[in-house]
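Chemist: Sending over a structure as structure tokens; questions will come in a sec.
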Amino acid sequence: MDSPASTIAELIRTEDDFLVAAHANPDGDALGSTVALGHLLRFQSKRFHLYNYTGMTAACDWLNPPAPVHTSLPSWKPRVCFILDCGALDRVGEELLPALDACQVVNVDHHIGNPAFGDLNWVDSSFSAVGEMISQLARELGAPLQGDLAEAVYLAIATDTHFFTYASATPRTLRLAAEMVENGLELGEVNGKIRNQWSLNRITLWTRIMQNLRLDFGGRVAMAAIPQELYRETGTSSLDSDDLVSFLRRIRGVRIAALLREDEPEKIKFSLRSQGADNVRDIAALFGGGGHKNASGGTIWADLEQAKEQLVHTVGEQMGFI
Ligand SMILES: [Mn+2]
């Protein structure tokens with residue numbers, strides 16, 4: 001049987017008029033894989049439209065996409081729509097959803113629990129990032145992993161593995177990175193472009209959050225919370241608290257790190273991080289959430305204080321700390 005990568009590569013060769021979308025409020029993998037796939041479609045001389053509901057982020061404005069990443073749909077009708085890095089279809093945003101009926105949907109994702117919403121589904125949680133999956137399409141299509149394509153793939157894998165510190169970075173991921181470095185990717189330069197993007201406002205936000213973090217169960221659980229007004233007060237957005245939950249894990253002895261974010265007064269988003277055998281996906285699932293074994297999240301419908309108590313209690317119970 002053909003591998004999913006060869007099936008999709010064949011679709012790219014034989015079809016035309018592609019739309020490429022990833023989840024709104026894109027992270028490095030969403031943008032990196034969108035841009036990388038764009039390079040492959042350019043390489044194949046196809047008509048394509050790169051799309052993101054909320055658009056490119058300022059932190060990634062150094063990327064060189066083959067065409068702009070639009071926040072609106074094309075004037076022409078796409079025949080094939082790639083949906084990248086979306087564990088659930090609604091993450092692409094409400095604008096694209098109605099347009100998908102008219103095209104062939106190709107779902108490329110690495111989230112456990114992806115419901116295979118595409119006409120063609122390549123869902124494989126063994127990949128560190130969707131960008132790593134796109135690199136396999138590049139191989140199938142004979143596109144060299146170098147230059148702007150390599151930078152986009154590297155952005156995806158480096159950010160989703162937190163610079164190769166998560167167990168999701170496999171030998172295959174590291175070989176891919178090594179190959180791109182052999183092909184001329186400048187690690188010092190590209191890591192600087194990815195990492196050195198903080199604003200002073202972001203530092204202020206992190207300082208304010210850290211002042212109120214709490215440790216429970218003898219320091220095995222670290223938890224921080226972000227009230228809605230804190231973003232306003234510090235001139236930041238939720239993108240500025242992106243990696244904070246991983247940072248909490250750096251406290252010695254912490255096994256589970258939790259971050260809660262008040263989106264609306266009774267709508268609290270939470271993220272959990274762990275390491276090794278400590279499974280936070282199962283904990284998130286108890287709240288209707290999902291994700292990966294060591295990185296998960298979900299929503300708690302309660303006020304911020306109640307949500308904190310519910311989450312810390314559930315974590316303690318599931319981990320056997322109580
Ligand atoms: Mn991803």
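The values are calculated or read from the model by the stated rules, or taken from the named source; none is laboratory data. Just so it is clear, the model here is predicted, and its values are computed rather than measured. Neighbour counts are summed over all protein chains in view; Cβ atoms, including those assigned to glycine, are modelled from backbone coordinates with ideal geometry.
Chemist: Kindly indicate the residue of the stretch 107-125 that is farther than 15 Å from residue 23 by Cβ and more than 15 Å from the chain's Cα centre (by Cα) and also farthest from the ligand (Cβ to nearest atom) among those meeting that condition.
Modeler: Selected residue: 119.
Chemist: Right, here's the next one. Would the stretch 85-93 turn up any residue that is in contact (Cβ under 8 Å) with a residue 60 or more places away in the chain, more than 16 Å from the ligand (Cβ to nearest atom) and under 18 Å from the mean Cα position of the chain (by Cα)?
Modeler: Taking the stretch 85-93 as the starting set, the residues that turn out to be in contact (Cβ under 8 Å) with a residue 60 or more places away in the chain are 85-87, 91-93.
Still in the list and also more than 16 Å from the ligand (Cβ to nearest atom): 93.
So of that shortlist, the ones also under 18 Å from the mean Cα position of the chain (by Cα) come out as 93.
The answer is yes; a qualifying residue exists.
Chemist: Can you find a residue that is in contact with a strand residue (DSSP E or B) (Cβ under 9 Å, 6 or more places away or on another chain) and either outside the structural domain of residue 137 (by TED's automatic domain parsing) or within 16 Å of the ligand (Cβ to nearest atom) (or both) anywhere in the stretch 66-82?
Modeler: Yes, the stretch 66-82 contains a residue that is in contact with a strand residue (DSSP E or B) (Cβ under 9 Å, 6 or more places away or on another chain) and either outside the structural domain of residue 137 (by TED's automatic domain parsing) or within 16 Å of the ligand (Cβ to nearest atom) (or both).
Chemist: Is one or more of the residues making up the stretch 41-51 among the polar types (S, T, N, Q), in the same structural domain as residue 143 (by TED's automatic domain parsing) and more than 23 Å from residue 98 (Cα to Cα)? Before you say what the answer is, go through the steps one by one.
Modeler: Applying the first criterion (among the polar types (S, T, N, Q)) to the stretch 41-51 yields 44-45.
From the residues that got through so far, the ones that are in the same structural domain as residue 143 (by TED's automatic domain parsing) too are 44-45.
Going one step further and asking which of them are more than 23 Å from residue 98 (Cα to Cα), we end up with 44-45.
Checking the stretch 41-51: at least one residue is among the polar types (S, T, N, Q), in the same structural domain as residue 143 (by TED's automatic domain parsing) and more than 23 Å from residue 98 (Cα to Cα).
Chemist: Can you tell me which residue within the stretch 52-80, out of those that are more than 27 Å from residue 199 (Cα to Cα) and free of Cβ contacts under 8 Å to residues at least 24 places away in the same chain, is surrounded by the fewest Cβ atoms within 10 Å (Cβ to Cβ)?
Modeler: 75
Chemist: Going through the stretch 129-151 one residue at a time, which ones are assigned to a loop (DSSP other than H, G, I, E, B) and within 16 Å of the ligand (Cβ to nearest atom)?
Modeler: Matches in the stretch 129-151: 129 only.
Chemist: Here is a further query. Of everything in the stretch 147-187, what is acidic (Asp, Glu) and within 15 Å of residue 40 (Cβ to Cβ)? Give them in sequence order. So that I can check it myself, show each step before the final result.
Modeler: Restricting attention to the stretch 147-187, the residues satisfying the condition of being acidic (Asp, Glu) are 148, 151, 160, 179, 182, 186.
Residues satisfying the conditions are 148, 151.
Chemist: Hey, could you check the stretch 156-168 for residues that are aliphatic (A, V, I, L, M) and over 25 Å from residue 7 (Cα atoms) and say which is nearest to the ligand (Cβ to nearest atom)? Talk me through it step by step, then tell me what you get.
Modeler: Within the stretch 156-168, the subset aliphatic (A, V, I, L, M) is 156-158, 167.
So of that shortlist, the ones also over 25 Å from residue 7 (Cα atoms) come out as 158, 167.
Numbers: 158: 12, 167: 15 Å.
Among those that are aliphatic (A, V, I, L, M) and over 25 Å from residue 7 (Cα atoms), it is 158.
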